[in-house]
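See structure below.
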Amino acid sequence: MINQTFEITGMTCASCSRAVERTSLKLAGVTLAQVNLATETLVIHYDEALMNSDNIVAAIEKAGYGALIAVEDKKVTMPIEGMTCSACSQAIEKKLKKTNGITSIEVNLATELARIVYNPEVIRISEIKQIIKKLGYEPKDLKVEQIVDAHQEKKVAELKALQFKLKLAAVFCIPLLYIAMGPMISWLSWPVPNFMDPMQYPLIYVLIQIGLVLPVIWAGRNFYTLGFKHLISGNPNMDSLIAVGTSAALVYSFYSVYQITTYDFAAVDHMYFETAGVIITLILFGKTLEAVSKGKTSEAIKKLVGLTPKTALVRSSDGDIEMAVEEIEKGDVVIAKPGSKIAVDGVVIEGYTSVDESMLTGESMPVEKIVGSKVYGASLNKTGLILYKAEKVGSETALAQIIHLVEEAQGSKAPIARLADIISGYFVPIVIGIALISGLFWLTLGGENLIFALKVFIAVLVIACPCALGLATPTAIMVGTGRGAELGVLVKGGEALETAHKIDTIVFDKTGTLTNGTPEVMDAISFGPYTNEMVLQFAASAEYGSEHPLGESIVRKAESLGLKIHDSSQFEALPGKGLSAMVQNQRVLIGNGPLMAHFGIAFSEEQSKFDAFAEEGKTPIFVAIGDSLAGIITAADDLKPSSFETIKQLHKMGIQTAMLTGDHQKTAEAIAKRVGIDRVFAEVLPGDKSEYVKKLQSEGRKVAMVGDGINDAPALVQADIGIAIGSGTDVAIESADIVLMKSDLRQVVTAIRMSKATMRTIKQNLFWAFFYNVIGIPVAAGVLHLFGGPLLNPVFAAAAMSLSSVSVVSNALRLKGFKEVL
């Protein structure tokens, strides 16, 4: 199955777009067609084996519209080095959004990755890199599959570098603080050697301080190289605030040194080398803690990557060869011994075993595998030796797809992050302005001296923390989606994660979702000259070869009773009604009342029995042979045990439930009553499911659709959130926003609660990030001092700033303890 975009011309209104969609959906192999009238594009999902792009273009042109295969935008995930706070990521986004050829850009500060969608005919990757470089950052070029490992290696190296810088700064900062503050706090009686007495040997005293502060400045040199670089380029960030603040302290201190050399020894009291040193050390300490915490946010991906085996035993003409998993090609025969991991996705061709697939599905019970069974890479072979043929390798395996989904989700932004991004873009320039105004106010109108004004200026610059704002959302999304993946709930992005917590109505497809999906024949009754066995025999003959679950159950029942299956011909399926076929030279009709009425078969007298079966929760179908009604066959598809608990839990959360089914109204209502469903949409044609979702949305409801079949795909796309059961079809999974890897419906509740928990954490993070700055900046500006209160020391401002980022990340890490609903 592939997705392709076409440019459509000649559309003038909504009816035109609907006509193009209808034309596309009639084509063989097309499962999804969506037209955007505003952009005049058609996105179509089709099976290459049944359809090709030339035929699609021809069909649309025949309908009276023009069609061209659109040049598809390309996606790239690009690591970017040199970002230190949200002002950095915002600057890159702001610039690239204005660049022609860039469709969308999302920069994630937590992962240091940019997700760029661009038009290759308008702009090249090399040009995008040049733009990023001009802003003062370093873009890297890595393949998608390399990003996880390389990013992790880079993070480990960065952490080691930070730890070294912190130790270096601390070794020199502690004696610097001791020497600078000791003589000033006489009641502490800190012993200081005579040759360092500031009153007797002021020049020696200041030279020792310079000697101690220089290594600290070297350890924090990135604050200056990056900070001033971004300030000059017009994109100031957190580093700029630190660079300007500590530079002001250093410049004034060196001026004081100059005064001492001119024998103005009173200047010894006006040095702030220790302030600059302590600020740099504290910021390094905060960044080290932050790096440790951020490293824990991506543990889910690390665990998934770690599941992949490194080598496998492959059978060849030269014997069994052990080779790297990356070397396995499609069609290779791979050997899995007891206790070893399955290397890639494939199908068993020899042997019998049981396999632990909990790494994919979360199900603890091993799954039996026989010839023809599918096996998945990284699952654990428990008991027997099997041979399997490789079908999906590398990035195509189920595990690789899961890793990709989690990466995509962790790198995405939730809509709630936009507020923080907008504020971050203006934050640093505003803080610099507040610092200047505050310093000048105290120097002029406040009647204070230059020393006082300098303290205020430095404190305001240092206490401001755009980092906390930038990390508030991505860290929570990373941990939330990672924890979801561990529980078997795959969320495809930040937007889906945010929308899920607003859901107030969930629509369930019945067959295979609420039920087991394997109906069994319960009753077969006959009318007129026919016997029960004849009714079952003719129905099974007509249904033989059918892929419909009801048809398969009728055939199974007839075979179990030893009834002979006759050949059939002229088979015709009538969607939403049933089928018609010729058996033993007689026309056999199997279906509902409208089918009988269409062929003129009288059934009014038997309708009461039909309704009685339906009220019992069974699915009744009429069987007509020749020109008369021959009998009724009923089938029942048992509800999954998890369906009852799921509906109960959703009602506790205040979420309304609905069911979509093609069943007779009374059958549907009986099933809904059993499980506790609030609303029932029965006798729904396969192609109309999305219309019922639209109907609920028109009532102002936020709707989630849960399904597993190909015909659920349009409804999954139409819903505010599409939730696919992992055991369902590829189309349903691709169309969904959330994929449940288990077939346990209770994961729907887990997904909603996971979303609520993550959004609660994001809101907490944003609140504290805003609250910290709203309170911290005025205090640093001296508002409390205006009313006789204390003035905030720049050193304490630095400590508060460092810990604010750490607290935001730590709060997000609490999501790792989220428990699933089972």
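The values are calculated or read from the model by the stated rules, or taken from the named source; none is laboratory data. Not measured: the values here are computed from a predicted model. Cβ coordinates were reconstructed from backbone atoms using ideal geometry, including for glycine residues, and neighbour counts include every protein chain displayed. Only protein heavy atoms, including side chains, enter the accessible area calculation; ligands, DNA and RNA are left aside. Shrake-Rupley method; radii C 1.70, N 1.55, O 1.52, S 1.80 Å.
Sort out which residues of the range 258-285 are aliphatic (A, V, I, L, M) and open to solvent by 20 Å² or more (accessible area, probe 1.4 Å), and write them in order of number. Listed by number, the residues that qualify are Ala266, Leu282. Is it the case that some residue within the range 223-233 is surrounded by fewer than 21 Cβ atoms within 10 Å (Cβ to Cβ), closer than 18 Å to Val460 by Cβ, free of Cβ contacts under 8 Å to residues at least 12 places away in the same chain and not acidic (Asp, Glu)? No: zero hits. Within the range 319-358, the residues that satisfy the criterion of being modelled with pLDDT under 85, closer than 15 Å to Ala398 by Cα and of a type outside the set (D, E, K, R) are Val325, Ser358.
In the range 486-506, what residues are within 19 Å of Ser698 (Cα to Cα) and outside any loop (DSSP other than H, G, I, E, B)? Within the range 486-506, Thr499, Ala500, Thr505, Ile506 meet the criteria. Hey, among the residues in the range 589-606 that are within 50 Å of the chain's Cα centre (by Cα) and open to solvent by less than 60 Å² (accessible area, probe 1.4 Å), which one's farthest from Gln570 (Cα to Cα)? Going through the qualifying residues, I end up with Gly593. Checking each residue in the range 535-555 for being farther than 16 Å from Thr634 by Cα and in contact with an Asp or Glu (Cβ under 9 Å, 6 or more places away or on another chain) picks out Ser541, Tyr544, Ser546.
Among the residues of the range 608-624, the ones that are open to solvent by less than 50 Å² (accessible area, probe 1.4 Å) and either of a type outside the set (A, V, I, L, M) or in contact with a Ser or Thr (Cβ under 8 Å, 6 or more places away or on another chain) (or both) come to 10 in all. Could you check the range 473-525 and list, in sequence order, the residues that are open to solvent by less than 10 Å² (accessible area, probe 1.4 Å), of a type in the set (S, T, N, Q) and in contact with a helix residue (DSSP H, G or I) (Cβ under 7 Å, 6 or more places away or on another chain)? Result: Thr473, Thr475, Thr481, Thr505. Looking at Ala267, is it modelled with pLDDT under 75, in contact with a helix residue (DSSP H, G or I) (Cβ under 6 Å, 6 or more places away or on another chain) and in a helix (DSSP H, G or I)? Taking the combined requirement at face value, the residue satisfies it.
When the range 651-708 is filtered for residues that are open to solvent by 50 Å² or more (accessible area, probe 1.4 Å) and within 25 Å of Thr31 (Cα to Cα), the ones remaining, listed by number, are Gly662, Glu683, Leu685, Pro686, Gly687, Asp688, Glu691, Tyr692, Lys694, Lys695, Ser698, Lys702. Listed residues Lys143, Lys95; which is basic (Lys, Arg), farther than 24 Å from Thr275 by Cβ and modelled with pLDDT under 80? Exactly one of Lys143, Lys95 is basic (Lys, Arg), farther than 24 Å from Thr275 by Cβ and modelled with pLDDT under 80, namely Lys143. Exactly one residue among Asp637, Asp627 is open to solvent by 10 Å² or more (accessible area, probe 1.4 Å), charged (D, E, K, R) and under 20 Å from Thr661 (Cβ atoms), and that residue is Asp637. Just one of the listed residues (Ser628, Ser643, Ser580) is closer than 17 Å to Phe508 by Cα and among the small types (Gly, Ala, Ser), namely Ser643.
All of Val748, Val779 fail the test of being more than 19 Å from Cys85 (Cβ to Cβ), among the hydrophobic types (A, V, I, L, M, F, W, C) and touching a strand residue (DSSP E or B) at 6+ places or on another chain (Cβ under 7 Å), apart from Val748. Residues in the range 726-747: is at least one in contact with a Lys or Arg (Cβ under 7 Å, 6 or more places away or on another chain) and modelled with pLDDT under 80? Scanning the range 726-747 turns up at least one residue that is in contact with a Lys or Arg (Cβ under 7 Å, 6 or more places away or on another chain) and modelled with pLDDT under 80. Total residues in the range 535-552 satisfying the condition of being over 41 Å from the mean Cα position of the chain (by Cα), at pLDDT below 90 and among the hydroxyl-bearing types (Ser, Thr, Tyr): the figure is 1.
Conditions (1) at pLDDT 75 or above; (2) touching a Pro at 6+ places or on another chain (Cβ under 9 Å); (3) closer than 22 Å to Gly339 by Cα; (4) open to solvent by 30 Å² or more (accessible area, probe 1.4 Å), marked per residue:
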position	(1), (2), (3), (4)
Val375	yes, no, yes, no
Leu380	yes, yes, yes, yes
Leu387	yes, no, yes, no
Ala390	yes, no, yes, no
Val393	yes, no, yes, no
Leu405	no, no, no, yes
Ala409	no, no, no, no
Gly425	no, no, no, yes
Ala435	yes, no, no, no
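Taking the conditions exactly as written (within 21 Å of Thr531 (Cα to Cα) and touching a strand residue (DSSP E or B) at 6+ places or on another chain (Cβ under 9 Å)), does Asn585 satisfy them or not? Here the answer is no, as Asn585 does not meet what is asked. Residues in the range 27-64 that are open to solvent by 40 Å² or more (accessible area, probe 1.4 Å), in contact (Cβ under 8 Å) with a residue 40 or more places away in the chain and not polar (S, T, N, Q): Val43, Asp47, Glu48, Ala63, Gly64. For the range 234-257, filtering for residues that are outside any helix (DSSP H, G or I) and surrounded by fewer than 24 Cβ atoms within 10 Å (Cβ to Cβ) leaves 2.
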